[in-house]
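Some notes on the structure that comes next.
Bear in mind that the values in this text are calculations on the coordinates, not laboratory data. Quantities reported herein were computed from a predicted structural model and do not represent experimental measurements. FYI the Cβ positions are ideal-geometry reconstructions off the backbone, even for glycines, and counts take in every protein chain you see.
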Amino acid sequence: LVSQLLILARMDATQTMSKQPLDLQVLVSQILSELAPQALDKTIDLGLEETTKLSLTMGNQDALSLLIRNLVDNAIRYTPAGGQVTVSLEQVKPSIVTLRVSDTGPGIPVEQRQRLFERFYRGDNHNIPGSGLGLSIAQRVAELHNMEISMNNVSPGTGLCVSMDFVTMLA
């Protein structure tokens with residue numbers, strides 16, 4: 001909790017972040033391999049689907065790692081044992097790659113989605129451990145990269161898909 005509060009304080013104090021070229025496929029693969037034991041503990045099928053060759057973007061690697069890690073960690077936490085969490089990178093336009101984190105968890109009611117980005121707000125799932133800061137941190141990282149995070153239920157009552165668009169650098 002203290003670590004997350006310090007991260008938020010540092011991000012609140014800055015208006016810009018240093019950015020360098022980074023490969024989203026490499027970054028996402030590293031994060032998934034680090035979180036794989038957590039998924040295995042719950043017998044969750046954790047996977048990566050790639051449908052693009054252009055995944056080079058400009059960004060702050062530490063901040064984007066934190067954002068992606070928070071999204072995948074949340075998906076694993078809220079997906080019941082035996083479920084699925086799939087991360088995908090899909091080229092949707094010549095210079096846009098969409099990152100999606102989809103799960104087979106309970107989904108989130110529409111009226112709660114925007115509040116989930118508020119600090120310490122945890123929605124209806126108080127039985128899952130957490131502080132309610134992960135999505136606040138992810139939102140701030142997205143803002144500092146001029147991106148938006150969107151959430152949609154996969155189907156009513158089952159699953160959530162969190163997505164965001166990255167501008168890619170043409171090779």
Interatomic Cα distance distribution for segment 26-73, bins of 10 angstrom, percent: 23, 52, 23, 2
Given the peptides 45-58, 96-109, 78-91, arrange them by the average over their residues of other C-beta atoms within 10 Å, most packed first. 96-109, 78-91, 45-58
What order do you get for 64-74, 31-41 when each peptide is scored by the mean count of other beta carbon atoms within 10 Å, highest first? 64-74, 31-41
Rg/Rh over Cα atoms for segment 54-98, Kirkwood Rh, comes to 1.06
